[in-house]
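Encoded as structure tokens, the structure appears first; notes follow it.
The values are calculated or read from the model by the stated rules, or taken from the named source; none is laboratory data. Keep in mind the model is a prediction, meaning the values are calculated, not measured. Cβ placement follows ideal geometry from the backbone for every residue including glycine, while neighbour counts extend to all protein chains displayed.
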Amino acid sequence: MGFSWLQAQERIPQVEELLGKMTLEEKIGQLNLLTPGGGVATGSVVSEDVEAKIRAGNVGGIFGVSSPEKVRQAQELAVKNSRLGIPLLIGSDVIHGYKTTFPIPLGLSSSWDMDLIEETAKVAAREATADGINWNFSPMVDISRDPRWGRVAEGAGEDAYLGSQVARAMVRGYQQDDLTRPETMIATVKHLALYGASEGGRDYNRVDMSRTKMFNEYLPPYKAAIDEGAASVMTSFNDIDGVPASGNKWLLTDLLRERWGFEGFVVSDYTSVNEMIAHGMGDLQDVSALAIKAGLDMDMVGEGFLTTLQKSVEEGRVSEEEITIAARRILEAKHKLGLLDDPYKYSDESRPERDILTDEHRKTARKAAASSFVLLKKHNNTLPLSKNAKIALVGPLANDKNNMLGTWAPTGDPSLSIPILEGFRNVAPNATVTYAKGANISDDPEYAKKVNVFGPRIEISEESPEELLKEAMDVVENADVVVAVVGEATEMSGEAASRTEISIPESQKKLIRELSQSGKPVVLVLMSGRPLTIPEEMQLPVSILQVWHPGVEAGNAIADVVFGDINPSGKLTATWPHNVGQIPIYYGMRTTGRPAASEEFEKFKSNYLDSPIAPLLPFGYGLSYTNFEYSDVKVSDNTLNSNGEIIVSATVANTGEYDGEEVVQLYIHDKVRSITPPMKELKGFQKINLKAGESQTVEFNISVEDLKFYNGNLEYVFEPGEFEFFVAGSSDGEFQGTFNLEE
Ligand code: BGC
């Protein structure tokens, strides 16, 4: 086997020359990523003596440092003081915008608008690079079918096809196919791999999965990001087949390098090399050797490489060649960025003023937020509201700045966010808006303490819950309509924020029940970083608009939609269950041998005694102020040859009174194949704009490439036979036609 992939890539003379001059210690130094603090430390360790280590040539990159001045100082330390003067990679977590914070990724994915998603990544890159960053720890493309897992907020939901498109759009936005430009930065696809399948939805937990499921349902987005050119990969915390990702040779070498042809560098997650000790893989020297031999190039924060690799080489456990290979990859990344020629290219002091938080960027944030909202329920045409209405604006998130940005926005500034109350006044200055908090996000101080690690997210009022409720009901009495902004605080989702119970907290449920009995029309504006279980709220006589955590322009964007300047057009990218017991539940489940024909209970069918089988809200679901009708769904030819193409088309009509956008979705079902097929698979989507009364024919080209899958031998193949399809505005459609795939 050997290192066959190495031959594939051409050597870069500048890098080879540098490598030729380096001592073993200097090569090991390049493999070390440190954080002097200042960012968000997600582990218990923060690096010490970073300056001295940089001078000694013991550091390849740092993160948690920003601004042109500080980055220049750091580069000067490396360039002027270390023996070979090699500049540093400057990393950061720019997950959904830099200073101009966009909606959380799960929200962004709900826009199903790839150009928009790419644009947000491009803006993020412009801002971050203006502040000295050249390497981004994003996109996070982990598929998750478990809303208990808090990091479901950071990804694009449950589907590998959609997730792959989003992954590509983000890589394009960050890197723009040209890493030498000062407005672009290296994208890191993370977390390789399967992190979203942590058992029980508990963060950092183990993962166990069949290879066919991995290849068909979980790995495609990572591969798509790599095919799009992502220059780096981050490993995950979990184990795969019993070997933690950071030391998993099958994953990092056989799959990533040999099979996928990845040529960039691989970084560990925060101290994930050291954490292999707790996983039961040996002491620090053992796990560091395991990691480098598996194909990990850079060690984040843990310093296991720095402190043990030399010894392992001396003892013959690791070869110098293995270290050279990793060091080469780090240097090649620096070369790609142009840092070896100009270490200060991201230290232009005139840029922050010019490039960060511009009006243009804020406009993009406002548009992205509005596009991410999903109208979950319409009741009595309450929405959109009149701009002259008398509105009771209530709820713990209605006049709040601390929970608008969402999880993992360490570079954002909550004080810049527009609260909903302010947004309402901006967009509808003639409306009468009266505010009352009505309830705490949670009444439990112990819970609040856990959530408030990065600042006050749940603030428990000095007034009693009864007093808060009474104030709200007084305000409601004098209003025409009620808007209640409720849901999760920012840090109720995200890293290390798993929940076993994913409903709206009880303190707020009480408020919602009271409001729904007030006799006034009620709109729930629901914030969360994950799908929630809301069967009770769905039954109440209320309208529900899901807004995730919308980012810096939250209030303006919500007002744009609530007052009808923008018609909601988002669709769910993760299934919303009735209850936690249904999890995992997702639209693409594989067919069983005893499928239930309906919700009617039947003994010896695949169902529950105490719960529906169907989810509360399916993947792809989302309403609009207008109505869309689908007709004339057909296929151009009932036979598809393996070298040909057919077209599935549908006519979509806007039959309501508002202009609007619709995400038209194509699903297929492979009726017979050598491994059990999913019941449905998304194979195409288009977001179209239709004026009231207008209609359009939407076409999807299908070729054999769209019908391939990984078989039991993990070969990417197609199998001839019959396929069913439908075109609809959600995944819960009925099949409308068939075609035959022939050899
Ligand atoms: C997270 C990564 C992140 C890293 C650095 C870790 O805890 O899992 O997603 O990039 O910290 O901040």
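Taking the listed residues 204, 174, the one that is assigned to a loop (DSSP other than H, G, I, E, B) and over 20 Å from residue 685 (Cα atoms) is 204, with no other qualifying. Within the range 38-61, the set of residues being touching a helix residue (DSSP H, G or I) at 6+ places or on another chain (Cβ under 9 Å), hydrophobic (A, V, I, L, M, F, W, C) and at pLDDT 90 or above comprises 50, 54, 56, 59. Of the residues making up the range 146-159, one or more are over 24 Å from residue 270 (Cα atoms), crowded, with 24+ Cβ neighbours inside 10 Å and in contact (Cβ under 8 Å) with a residue 12 or more places away in the chain. Scanning the range 19-36 for residues that are within 16 Å of the ligand (Cβ to nearest atom) and in contact (Cβ under 8 Å) with a residue 60 or more places away in the chain yields 32, 33, 34, 35.
Residues in the range 369-423 that are small (Gly, Ala, Ser) and within 16 Å of the ligand (Cβ to nearest atom): 406, 409, 412.
Here is a yes/no grid of residues against (1) within 28 Å of the chain's Cα centre (by Cα); (2) under 18 Å from residue 406 (Cα atoms):
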position: 435; (1), (2): no, no
position: 448; (1), (2): yes, yes
position: 467; (1), (2): no, no
position: 472; (1), (2): no, no
position: 484; (1), (2): yes, no
position: 491; (1), (2): yes, yes
position: 494; (1), (2): yes, yes
position: 504; (1), (2): yes, yes
position: 508; (1), (2): yes, no
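For the condition in a loop (DSSP other than H, G, I, E, B), at pLDDT 95 or above and over 30 Å from residue 503 (Cα atoms), what is the one hit in 658, 625, 621? Within the list 658, 625, 621, the selection yields 658. Condition check: farther than 29 Å from residue 581 by Cα, more than 16 Å from the ligand (Cβ to nearest atom), buried (at least 24 other Cβ atoms within 10 Å of the Cβ) and touching a residue at least 40 places away in the same chain (Cβ under 8 Å). Does residue 229 satisfy that? It is false that residue 229 is farther than 29 Å from residue 581 by Cα, more than 16 Å from the ligand (Cβ to nearest atom), buried (at least 24 other Cβ atoms within 10 Å of the Cβ) and touching a residue at least 40 places away in the same chain (Cβ under 8 Å). Filtering 9, 14, 30 for residues that are modelled with pLDDT under 70 and closer than 15 Å to residue 332 by Cβ leaves a single hit, 9.
Name the single residue that is nearest to the ligand (Cβ to nearest atom) among those in the range 134-152 being closer than 17 Å to residue 408 by Cα and in contact with a Leu (Cβ under 7 Å, 6 or more places away or on another chain). Going through the qualifying residues, I end up with 135. Checking each residue of the range 61-73 against the condition of being surrounded by 24 or more Cβ atoms within 10 Å (Cβ to Cβ), closer than 30 Å to residue 546 by Cα and either within 16 Å of the ligand (Cβ to nearest atom) or among the aliphatic types (A, V, I, L, M) (or both) gives no match. Test residue 95 against the stated conditions and say whether it is within 14 Å of the ligand (Cβ to nearest atom), under 26 Å from the mean Cα position of the chain (by Cα) and not in a loop (DSSP other than H, G, I, E, B). So residue 95 fails the test.
Here residue 672 fulfils each of the conditions (1) among the β-branched types (Val, Ile, Thr); (2) assigned to a strand (DSSP E or B); (3) surrounded by fewer than 18 Cβ atoms within 10 Å (Cβ to Cβ) apart from (2). Inspect the range 468-479 for any residue being modelled with pLDDT of 95 or more and in a loop (DSSP other than H, G, I, E, B) and give the result as yes or no. There is at least one residue in the range 468-479 that is modelled with pLDDT of 95 or more and in a loop (DSSP other than H, G, I, E, B).
A residue that is within 16 Å of the ligand (Cβ to nearest atom), under 15 Å from residue 411 (Cα atoms), among the hydroxyl-bearing types (Ser, Thr, Tyr) and touching a Lys or Arg at 6+ places or on another chain (Cβ under 8 Å) cannot be found anywhere in the range 183-201.
Among the residues in the range 153-166, are any within 23 Å of residue 335 (Cβ to Cβ), away from the ligand (no atom under 14 Å from the Cβ) and in contact with a helix residue (DSSP H, G or I) (Cβ under 6 Å, 6 or more places away or on another chain)?
Within the range 153-166, the subset within 23 Å of residue 335 (Cβ to Cβ) is none.
Checking the range 153-166: not a single residue is within 23 Å of residue 335 (Cβ to Cβ), away from the ligand (no atom under 14 Å from the Cβ) and in contact with a helix residue (DSSP H, G or I) (Cβ under 6 Å, 6 or more places away or on another chain).
For the range 229-286, the set of residues classified as touching a helix residue (DSSP H, G or I) at 6+ places or on another chain (Cβ under 7 Å), among the hydrophobic types (A, V, I, L, M, F, W, C) and assigned to a strand (DSSP E or B) consists of 233, 240, 265, 266, listed by residue number.
Within the range 548-573, the residues that satisfy the criterion of being within 21 Å of the chain's Cα centre (by Cα) and either modelled with pLDDT under 95 or farther than 26 Å from residue 690 by Cβ (or both) are 549, 551, 552, 554. Looking at 540, 511, 526, 545 in this structure, which one is free of Cβ contacts under 8 Å to residues at least 60 places away in the same chain, among the hydrophobic types (A, V, I, L, M, F, W, C) and within 23 Å of residue 385 (Cβ to Cβ)? The match here is 540.
Could you say whether any residue in the range 119-133 is within 15 Å of the ligand (Cβ to nearest atom), touching a residue at least 12 places away in the same chain (Cβ under 8 Å) and under 26 Å from residue 488 (Cα atoms)? Yes, some residue in the range 119-133 is within 15 Å of the ligand (Cβ to nearest atom), touching a residue at least 12 places away in the same chain (Cβ under 8 Å) and under 26 Å from residue 488 (Cα atoms).
The residue that is nearest to the chain's Cα centre (by Cα), among those in the range 233-291 that are under 21 Å from residue 220 (Cα atoms), of a type in the set (D, E, K, R) and within 16 Å of the ligand (Cβ to nearest atom), is 269. How many of the residues in the range 322-371 are among the hydroxyl-bearing types (Ser, Thr, Tyr) and either surrounded by 19 or more Cβ atoms within 10 Å (Cβ to Cβ) or part of a helix (DSSP H, G or I) (or both)? So the answer is 5.
Checking each residue in the range 99-118 for being farther than 16 Å from residue 557 by Cα and in contact with a strand residue (DSSP E or B) (Cβ under 8 Å, 6 or more places away or on another chain) picks out 105, 112, 113.
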